Amino acid sequence: MLSISVEKNTGESNLNEIIDLIRLSSEHLHHNALGDHAWLDLVQGGRSSVAGFIAKEYNHPHIVGYAQLSKGSDSWALEYVIHPGHYDNCVMIGTELLKFALRDLELQGGGHIHMWVPKPDANSDLIAVNNNMTKGRVVIQMKLDLSDKDFNGFTVSDKNPVNVHINEAFYNITYLKNDQDETDWLALNNAAFDQHPEQGNWDHTILKQRKSAEWFENRGFLLCREAITNELVASCWVKIHDHHENKAGEIYVIAVNPNYKGKKLGETMLKAGLAYMKGRKLNLPALLLPAARPPKRGKYRQC
């Protein structure tokens, strides 16, 4: 029987090995082994509310597993990665990783936690059960071919914002341009994702880190303001995957002010995002991450 040790990752000494582990696992899964927010927290230094945990097999040269815990306003998120060469023992490794992370969470006061798993299977189900977690829901990738779609009137440009009339109200859609836009968006985002561990509770430092990603484009960061008050009420952040063979686009984040729910602003911003992709001559935008095989992401929550 194998024996492993789990420890809290307290610095950059293991960073390159963790990154190699995640890339190796992603190639094996044909899917990102770590969610985008968790990945950026890892490689960009992350937030103070983020903690990593590594599993090592005794007398073995490399890390066999990694887990990452992040805290939101009212809940926690957890993800883990197992080395493909140790899948035969993935249940034991995953179980021990989660137990260690959950003990650390308890020391910080506990709380509601959910765990994301790419391509969940019987092993991930068992790892969850071993830690008193139950399956919550499954997220499936959606795709759309834009070649025959018409989004006339929804294309934002420097000189021409999109003017929208919805249920007797008027809105203007532009894109992120200045510091005030960023301040307004942070307030919108944090209100819309108040209880979301990865997307909520952002500040200017986190936004600056996310904007430093090589795929970021200001014109793909669409903002919707109420025409009379100029209040920012919705947004659609588009991500372009230049490495994809079809140069795919992704609806990265759509946020709507909670006070404006039910006014079809989410639908409106989706159209604006798709129009932006169409303008970039993309053929295959995906509402979730594109992948070589149809991916599924399982969500588990602690009982």
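The values are calculated or read from the model by the stated rules, or taken from the named source; none is laboratory data. Keep in mind that this is a model prediction, so the values were computed, not measured. Backbone-built Cβ (ideal geometry, glycine too); neighbour counts: all protein chains shown.
When you scan region 1-120 for strands (runs of 3 or more DSSP E) that lie fully inside it, which ones turn up with 2 or more residues that are modelled with pLDDT under 80, closer than 29 Å to ASP203 by Cβ and in contact with a strand residue (DSSP E or B) (Cβ under 7 Å, 6 or more places away or on another chain)? Steps first, please.
Values: elements: 4-9, 50-57, 63-71, 75-82, 112-118.
Here the list reads 4-9.
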So, in region 199-225, of the ones that are of a type in the set (S, T, N, Q) and under 22 Å from ASP41 (Cβ atoms), which residue ends up nearest to the chain's Cα centre (by Cα)? GLN199
Against the conditions (1) surrounded by fewer than 16 Cβ atoms within 10 Å (Cβ to Cβ); (2) under 21 Å from the mean Cα position of the chain (by Cα), where does ILE228 fall short? Just the number, please. (2)
Of the residues that make up region 135-157, is at least one assigned to a loop (DSSP other than H, G, I, E, B), polar (S, T, N, Q) and loosely packed, with under 11 Cβ neighbours inside 10 Å? yes
When you look at LYS135, is it on the phi > 0 side of the Ramachandran plot, outside the structural domain of GLU267 (by TED's automatic domain parsing) and under 21 Å from the mean Cα position of the chain (by Cα), yes or no? no
Spans of strands (runs of 3 or more DSSP E) in region 166-276 with at least 1 residues of a type in the set (Gly, Ala, Ser) and touching a residue at least 40 places away in the same chain (Cβ under 8 Å): 169-175, 232-241, 248-256
Taking GLU198 and the conditions (1) surrounded by 16 or more Cβ atoms within 10 Å (Cβ to Cβ); (2) touching a helix residue (DSSP H, G or I) at 6+ places or on another chain (Cβ under 9 Å); (3) acidic (Asp, Glu); (4) farther than 21 Å from SER26 by Cα, which numbered condition does it fall short on, given that it satisfies the others? (4)
